[in-house]
Amino acid sequence: MNSIFSYFIPKDKKFFPLFEKASSNLMDMADKLEALVNSDPSSDREKLHKEIERLEQKGDEITHAIYLELSKTFITPFDREDIHQLAAALDDIADYIHGSSNRMLLYNVHLMTEPVKKLGELVKEGCKEVYKAVSELKDLKNIRVITDSCVRINSIENQADYVFDKAVGELFDYEEDAKNIIKYKEVLSALETATDMCEDVANVMESILVKNA
Amino acid sequence: MNSIFSYFIPKDKKFFPLFEKASSNLMDMADKLEALVNSDPSSDREKLHKEIERLEQKGDEITHAIYLELSKTFITPFDREDIHQLAAALDDIADYIHGSSNRMLLYNVHLMTEPVKKLGELVKEGCKEVYKAVSELKDLKNIRVITDSCVRINSIENQADYVFDKAVGELFDYEEDAKNIIKYKEVLSALETATDMCEDVANVMESILVKNA
Amino acid sequence: MNSIFSYFIPKDKKFFPLFEKASSNLMDMADKLEALVNSDPSSDREKLHKEIERLEQKGDEITHAIYLELSKTFITPFDREDIHQLAAALDDIADYIHGSSNRMLLYNVHLMTEPVKKLGELVKEGCKEVYKAVSELKDLKNIRVITDSCVRINSIENQADYVFDKAVGELFDYEEDAKNIIKYKEVLSALETATDMCEDVANVMESILVKNA
């Protein structure tokens, strides 16, 4: 380690493990989401919905643990506000993955269309990049890894925007039932928003780099 | 008063009274909203809509008074940005209460369904907790009161999410008219977003505590 | 120049030209948008859509140039976070202008209704005020110009809210086809959100003034 940061943030044993836990939990959620959008209607989707719900609650607990730590800790590795914002942004991703799963369940969306699958995949890629970048925050040795992930997250969000817009256009063209249009639009929108939330995490990380690098 | 804060923020006579006024105004708005969602179609709803509109404008004036004070005051009890953000977040709650009322009026939503009533009630509870917490900001003697309210606001927002999701699911199941689905979804969404905005206020307050406690 | 700021930020040649470029690019986008909403279906709308898309990409490049500059520059004219936020907020306006154009194209919205035209006009006015205010940031000599523009941007956003709400109410009253209701609601919503994003820029500028004035 030859970075000047090794002197400033040498021994944080509290926040970084919790951030890694939060983003590793997101990876688990994204795995379940991927399984869900690729499952066929006859499979045990109920189980996947429940697992996503359970992981969302686990994420809530990690978020609260970070907040609690923040209230007890005097010297923090980054600005207190940035720690707060990063925890909140990671929590937002979990909320929208859970929200996507929830809408599929509540709106009886049985047919997983191509755009639903594609967005589920993009959410997973986004969470993978979030995990990679968050894991590097602890020593800031490889700033490049973080900035590269941020660039990829932005590109993933752009792709998700495009898939969403195109899918909604096609719903208008080919789906006659207005109810179905609304249902699918809501599910697609929740999935797309999950990638927006990945971008929010990237923005917080970029802001941390801007201040600390 | 035995808190160290009594030394730092001993005599602010400007911002805290305005914040209390803004959150007390939100309580008034939430009262009118509650009356509205519990009114029957034959009652004078027009009057309630107008009162909510008037209170929203009153809220705008309080918000601008805070901004004006901020531009004139050199030493502020909290970070200038936090004062700005808190004022903006309180204003957002007012906007969405007004927006809910406005949509009911413009979309001719006459039948107040159970989820509409329940969300109106949750908005009121949220505003009550916001008021309680904001009132304690002035001396930070009872940080516990603030953090307890923030926890309750988060729980209220979670309940509102659940009521919203379930209500929309039921619209798809039982409402045949797509127009009605869209109308109710929009009204429910504005109400639910009002509780999201309460959560934003809680986040700003938590962030103030994190920096000042 | 008799402001104290002339001493603090005398020679920034990097950020202000980029911010001016970004907001001048928004003016160009708003011009194309205005041409689009006032065009008739027989005209070459395809070309306007493509020009808006090209300008949005140009805006992305300016945004990234600001971020890059930020990572290389030690002393910045404002807080690093504010530069980051201002760049992001300007980029958001571009995204929603592009999003409006994109939805018109993808959803085959051929008939430009009065509210669509009116919102297009309000977006243009908003971008004009953003440009004016951003141009004054460089020396803060005319703070009044900035605050006046921020007030006007707030008023534009309020008008856009009103036009949007009324237009959606009228869709419910006069449009029988639920598909069309959804399509127009989405287009109107993207336009209205573009004015929300102008308000976000105003909020960031107000926050910069609060800290620096």
Top-ranked residue in the range A:173-204 [being more than 25 Å from the chain's Cα centre (by Cα), in a helix (DSSP H, G or I) and within 13 Å of chain B (Cβ to nearest Cβ); ranked as farthest from A:N102 (Cα to Cα)]: A:A178
Where A:S207 falls short, out of the listed (1) without any contact (Cβ under 8 Å) to a residue 60 or more places away in the chain; (2) among the hydroxyl-bearing types (S, T, Y); (3) within 11 Å of chain C (Cβ to nearest Cβ): (1)
If the requirement is being part of a helix (DSSP H, G or I) and more than 26 Å from C:D196 (Cα to Cα), which of these qualifies: B:L48, B:L86? B:L48
With within 11 Å of chain B (Cβ to nearest Cβ) and either free of Cβ contacts under 8 Å to residues at least 60 places away in the same chain or of a type in the set (S, T, N, Q) (or both) as the only criterion, which of C:E157, C:E136 stands out? C:E157
Residues of the range A:38-57 that turn out to be surrounded by 16 or more Cβ atoms within 10 Å (Cβ to Cβ) and among the basic types (K, R), as a count: 1
Could you grab me the full set of residues in the range B:67-83 that are more than 13 Å from B:A22 (Cα to Cα) and part of a helix (DSSP H, G or I)? B:L68, B:E69, B:L70, B:S71, B:K72, B:R80, B:E81, B:D82
Would you check if C:Y96 is among the aromatic types (F, W, Y) and either away from chain A (no Cβ under 13 Å) or not in a helix (DSSP H, G or I) (or both)? no
List the number of the failed condition for B:E61; all other conditions in (1) away from chain C (no Cβ under 11 Å); (2) charged (D, E, K, R); (3) in contact with an Asp or Glu (Cβ under 8 Å, 6 or more places away or on another chain) hold. (3)
Quick check on the range B:66-79. Is at least one of its residues of a type in the set (A, V, I, L, M), touching a residue at least 40 places away in the same chain (Cβ under 8 Å) and more than 10 Å from every other protein chain (Cβ to nearest Cβ)? yes
Residue check, B:S155 surrounded by fewer than 19 Cβ atoms within 10 Å (Cβ to Cβ) and under 30 Å from C:L209 (Cβ atoms): no
If I ask for residues that are closer than 17 Å to B:Y162 by Cα and among the β-branched types (V, I, T), which ones from the range A:52-111 would you list? A:I52, A:I97
Residue match in the range A:109-118 (condition: farther than 28 Å from C:K185 by Cβ and either surrounded by fewer than 19 Cβ atoms within 10 Å (Cβ to Cβ) or more than 10 Å from chain C (Cβ to nearest Cβ) (or both)): no
Suppose we filter the range A:40-68 for residues that are hydrophobic (A, V, I, L, M, F, W, C) and over 30 Å from A:L111 (Cα atoms); how many remain? 4
Is it true that A:V145 is away from chain C (no Cβ under 14 Å) and farther than 29 Å from A:L105 by Cβ? yes
Taking the range B:8-45 on its own, how many of its residues are more than 18 Å from B:E129 (Cβ to Cβ), assigned to a helix (DSSP H, G or I) and touching a Lys or Arg at 6+ places or on another chain (Cβ under 6 Å)? 1
Do we have C:A22 as within 14 Å of chain A (Cβ to nearest Cβ), within 24 Å of C:K138 (Cα to Cα), aliphatic (A, V, I, L, M) and touching a helix residue (DSSP H, G or I) at 6+ places or on another chain (Cβ under 8 Å) here? no
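For (1) farther than 16 Å from B:A202 by Cα; (2) modelled with pLDDT of 95 or more, each residue gets a yes or a no:
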| site | (1), (2) |
| --- | --- |
| A:D44 | yes, no |
| A:E51 | yes, yes |
| A:R54 | yes, yes |
| A:G59 | yes, yes |
| A:L68 | no, no |
| A:D82 | yes, no |
| A:L90 | yes, yes |
By residue number, the members of the range B:153-174 that are of a type in the set (D, E, K, R) and within 14 Å of A:N108 (Cβ to Cβ) are B:D165, B:K166, B:E170, B:D173
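The values are calculated or read from the model by the stated rules, or taken from the named source; none is laboratory data. Just so we're clear, the structure is a prediction, and the values are computed from it rather than from any experiment. All Cβ positions, glycine included, derive from the backbone under ideal geometry; neighbour counts span all protein chains shown.
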